[in-house]
Each structure stands twice: as structure tokens, then as C-alpha cells.
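Below is one structure, written out as C-alpha cells; comments come after it.
The values are calculated or read from the model by the stated rules, or taken from the named source; none is laboratory data. What you see is a predicted model, and the numbers here were worked out from it, not measured in a lab. Every residue, glycine as well, gets a Cβ built from its backbone with ideal geometry; the counts of neighbours run over all protein chains shown. When the accessible area is computed, the model is the full protein with side chains, heavy atoms only, and any ligands, DNA or RNA have been set aside. Shrake-Rupley method; radii C 1.70, N 1.55, O 1.52, S 1.80 Å.
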Amino acid sequence: MINRIIRFHKVIKNTDYVICGSGACAEKIIKYSLENNLRTPTRIVDTINIGKRIGGKTVTPLDSTLAEKVVLCATLEFENEIREKISFISDTPTVYALSDFSNESNCTQNNSGYPIIINTIPKCGNAFIFNTLSKTLNREFNDIAAGPWPDMYISERNIFKAIKNNGVVVDHFSANLYNLNTLKDFNISKMIFHCRDLRQATLSWLHWIDSKFKKGQLKTWEHPPHAEYFSLSEQTKLDVLIEYWLPKLCSYVEEWTTLDKSSLLEIKFTDFSTMADDPRLFFDGIFEFFELDVSTSNLIVPSKKESHFRKGLKNEWVDIFSSSQIRRMNSLIPPAFFERFGWQL
């Protein structure tokens, strides 16, 4: 970080600046600036932590009173969001973020130096995909997004790492403006969106969260909005998930399947059924899409223990959900999904 801060000061040439952000990054900017006899900010502004003291300065509200000509965003995850806020409330002409002063160079797509990015819904055979690709291509697996699903945001630091490592990314980030702009900023022009019959994905989610609950590993956002959920019968749990989880899956998939073409992001849509029925055909499609000269005759498929949380079945839901539950699910899933992904009605 110190190198980025030094480069920032070389660019602004002793100009007064304000820090936007009041977290650990802001504290480090001031600490390293003091230690290296660099100019400290005139103020610290933010929408949170108002009144907090950082490096002898009190955090004040982010508002239209910004008079400084330079703003430094002290955040690692939401630089674009802060830039947008400042642009709406201030005439400040120059807004920087620490990532602007890294040694990171723009990456361009090519056969030998481009990350494989596969975005999926939860419980979609993700472990099988990244284990197969990592082993076959001898590439490192990388996460690039964080946060409660479906509101996951791409970390600029992590996506740069994935690019640098020429890595394999299998994640669950949404099609929000921040994520789309981040992909664009890093010259990511191709992505696979991998899906699964949402009825089977809902059933798999039931077993997944039950397992995590029993192990004491369930995250807050994963807990269904029902206080007594884990004491309910399986059929009642399914009723809860049909009304709570399935609509989230539908909205998430619809975001990506109806994405405006102006995003300039080329997306290949794949489905769990093809992966389960013919793994070589499935991965051959991935290699072709990313222009990789790789033969599926060299495919290294991981063991079932490495790649399956449970059974990895396609249509188990038919025998588990009641007829009324199936009718309800079919009414919630947009008709276009059945045609696009070949799911049975």
C-alpha cells in the first residue's frame, strides 16, 4: 500500500486533498503518510462513522461542501460507488482510488493470459467445475466476489489477482452496475453463466443449509426468514424455500439472461444437465469459448468426494416435491427459462 500512496502524492504534487472513507484503509493512508513525511488530508468525509477520530482528524459527513480539488477514495471494494456519490453531490473535478496508483497494467484477452470466469447460481456443480478446470489446466482457483448472495460484489483486488494468476474463477456475483463496470475496467469481455433447473437447485439448497446448520457453520444471510425453520418437517421447509429462495434464484437468473447488449460482455449460457450427461462436451464448450487449445481427451475429472456435496442428480426434485409444490414452482419460474435451458415442465 505504501507504494500506491507515494505514487498518489507524486501525481497530486502537494495539492490539498480529502479522504472519502473512514475504515482501516483511511487509517493506513494517514499512518503511512505521516511516517514518510507526506501531506496528510485536510479532511476525512464519509456517510458512516461520523465523529470518529482518525489520525487526529474527525470524520465529517460526505456532502456538497467538498471544497478540495482532489478526493482519494479510501476503500478497497466500493470505489465505483463512492465515485458516483461524489459526482452527484460535488463539483470536485478529480476523484482517485488507491488502485489507480498500483503497478497493475490493463490486461487484454489472449489465449495464454486470460482468466476463465464462470458465474453460477448456488448449488450448481461449482466444485466439480473448478476442480476439473484447475486440475486439467493446472491453474489456480480464485474467488473474486464477496457479500451475501445475491448481492455479491467483485473485489478489484481479487479480480486483478485472478488475472495475474491466469486463474479459474467460479463465483456467484450479480449483474449490478458496479460489477459490470468492474469487469469492463479490467477488460473482461467474456464470461460463462452456468445454471441448473431451479427446482433442483432449491432442493439442493435445503440439504446444503441443513448440513451447515448442524455443523454450526450457517451464515446469517443463509438462514431462511423463519424463526423455527430448522425444526420444521422437510415438506414444510420446502414450502418456505419455494416462497423465499426460489424467487431469489429467478431474479438472479433473469438479471443475467436479460442483460442489455450495451454491456459489451459476451456471455455463454450453460446448464447442469449437459455437464452431468456429457462432461467432455460441456468442458469442450468452455475451452472453445475461451479460445483455449485444450483437448478434452486430457480432461482430469476429480473424484466424486472432491466434486459433489451430495448426489449431483438432475431431476431428483420430481420425486421429492408434491404436485402442488411443483405447480407453484412452475408458476414462479419465468416461461423463457424452460425454453432457454431445456428444463422439463
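When the range 8-35 is filtered for residues that are open to solvent by 70 Å² or more (accessible area, probe 1.4 Å), in contact (Cβ under 8 Å) with a residue 24 or more places away in the chain and on the phi < 0 side of the Ramachandran plot, the ones remaining, listed by number, are V11, D16, E27, K28, K31.
Any residue at all in the range 274-291 that is among the β-branched types (V, I, T), surrounded by 15 or more Cβ atoms within 10 Å (Cβ to Cβ), in contact (Cβ under 8 Å) with a residue 60 or more places away in the chain and touching a strand residue (DSSP E or B) at 6+ places or on another chain (Cβ under 8 Å)? Within the range 274-291, one or more residues are among the β-branched types (V, I, T), surrounded by 15 or more Cβ atoms within 10 Å (Cβ to Cβ), in contact (Cβ under 8 Å) with a residue 60 or more places away in the chain and touching a strand residue (DSSP E or B) at 6+ places or on another chain (Cβ under 8 Å).
Name the one entry in I159, I118 that is crowded, with 20+ Cβ neighbours inside 10 Å, hydrophobic (A, V, I, L, M, F, W, C), more than 21 Å from S22 (Cα to Cα) and modelled with pLDDT of 90 or more.
I118
Within the range 162-177, the residues that satisfy the criterion of being part of a helix (DSSP H, G or I) and either surrounded by fewer than 17 Cβ atoms within 10 Å (Cβ to Cβ) or of a type in the set (V, I, T) (or both) are I163, K164, L177.
Reported count of residues in the range 146-156, each being of a type outside the set (S, T, Y), out of contact with any His (no Cβ under 6 Å at 6 or more places or on another chain) and crowded, with 17+ Cβ neighbours inside 10 Å, is 3.
Just so you know, in the range 260-273 the residues that are surrounded by fewer than 15 Cβ atoms within 10 Å (Cβ to Cβ) and in contact with a strand residue (DSSP E or B) (Cβ under 7 Å, 6 or more places away or on another chain) include one that is nearest to P334 (Cα to Cα), and it is F269.
Mind listing whichever residues of the range 261-310 are touching a His at 6+ places or on another chain (Cβ under 7 Å) and at pLDDT 90 or above?
Hit for the range 261-310 is T270, nothing else.
The strands (runs of 3 or more DSSP E) falling completely within the range 17-66 that include 2 or more residues that are touching a Leu at 6+ places or on another chain (Cβ under 9 Å) map to 18-20, 43-46. Would the range 43-59 turn up any residue that is surrounded by 12 or more Cβ atoms within 10 Å (Cβ to Cβ) and under 15 Å from T94 (Cα atoms)? No, because not a single residue in the range 43-59 is surrounded by 12 or more Cβ atoms within 10 Å (Cβ to Cβ) and under 15 Å from T94 (Cα atoms).
Specify the residue that is most open to solvent (accessible area, probe 1.4 Å); the eligible residues are those in the range 121-145 that are in a helix (DSSP H, G or I) and within 25 Å of E156 (Cα to Cα). The qualifying residue most open to solvent (accessible area, probe 1.4 Å) is F130.
Whenever a residue of the range 137-149 is in contact (Cβ under 8 Å) with a residue 24 or more places away in the chain, its partners that are crowded, with 16+ Cβ neighbours inside 10 Å and acidic (D, E), lying with C-beta atoms within less than 8 angstrom and at least six residues away or across chains, give the pairs D143/D171; I144/D171; A145/D171; A146/E77.
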